[in-house]
Amino acid sequence: MISLIKLLPFFFLAQETEYQPPQVSPVVWVIDVVLTVLMIAAFWKIFAKAGQPGWAAIIPIFNWIVWCKVAGRPLWWIVLLLICFPVVYIILCIDTAKVFGKGGGFAVGLIFLPFIFFPVLGFGSAQYQGASKPITA
């Protein structure tokens, strides 16, 4: 039977090694930058089609405010975005598809493949049909 006293030096050896965080490949960084620029450009075009300032796509939190306006949701939905992002994101994607005249299948694409469907919405031929009256209650 191995006693704890014999294993004690091994515990200290394990602590002497330095921790090195995992490194991310430069390819991942490039892909991340390309997708980020693509999504900013897509939202810029979507906001411009809806008559909102396109530059709002590059300002954090403010882009959510403009997105809520485009989708026809009230301003206080920003609080909901901060509390429960996934559920509100799904609803905003569905509303965004509706105001651009797209159906449920396109909304599913916006939810699960946003880096494909938001650029299609922004750079495609979809026209902003206007949000119906903002939901207040």
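Below are the figures for this structure:
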{"item": "Test: residue in segment 34-41 that is polar (S, T, N, Q), free of Cβ contacts under 8 Å to residues at least 40 places away in the same chain, farther than 28 Å from Ala131 by Cα and part of a helix (DSSP H, G or I)", "result": "no"}
{"item": "Number of the condition not met by Leu81 [criteria: (1) more than 16 Å from the chain's Cα centre (by Cα); (2) surrounded by 18 or more Cβ atoms within 10 Å (Cβ to Cβ); (3) more than 14 Å from Phe43 (Cα to Cα)]", "result": "(1)"}
{"item": "Residues of segment 100-118 classified as of a type in the set (Phe, Trp, Tyr) and either closer than 15 Å to Val70 by Cα or surrounded by fewer than 16 Cβ atoms within 10 Å (Cβ to Cβ) (or both), total", "result": "4"}
{"item": "All positions within segment 67-89 that are part of a helix (DSSP H, G or I) and closer than 20 Å to Ala57 by Cβ", "result": "Trp67, Cys68, Lys69, Val70, Ala71, Trp77, Ile78, Leu81, Leu82, Phe85, Val88, Tyr89"}
{"item": "Total residues in segment 128-137, condition modelled with pLDDT of 70 or more and either more than 14 Å from Asp95 (Cα to Cα) or aliphatic (A, V, I, L, M) (or both)", "result": "1"}
{"item": "In segment 84-106, the residues that are under 16 Å from the mean Cα position of the chain (by Cα) and more than 21 Å from Ile40 (Cβ to Cβ)", "result": "Cys84, Pro86, Val87, Ile90, Ile91, Ile94"}
{"item": "Members of segment 77-102 found to be aromatic (Phe, Trp, Tyr) and more than 24 Å from Gln129 (Cβ to Cβ), listed by number", "result": "Phe85"}
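The values are calculated or read from the model by the stated rules, or taken from the named source; none is laboratory data. Since we're looking at a predicted model, the values are computed, not measured. Methodologically, a virtual Cβ is constructed for each residue, glycine included, from the backbone with ideal geometry; neighbour enumeration extends over all protein chains shown.
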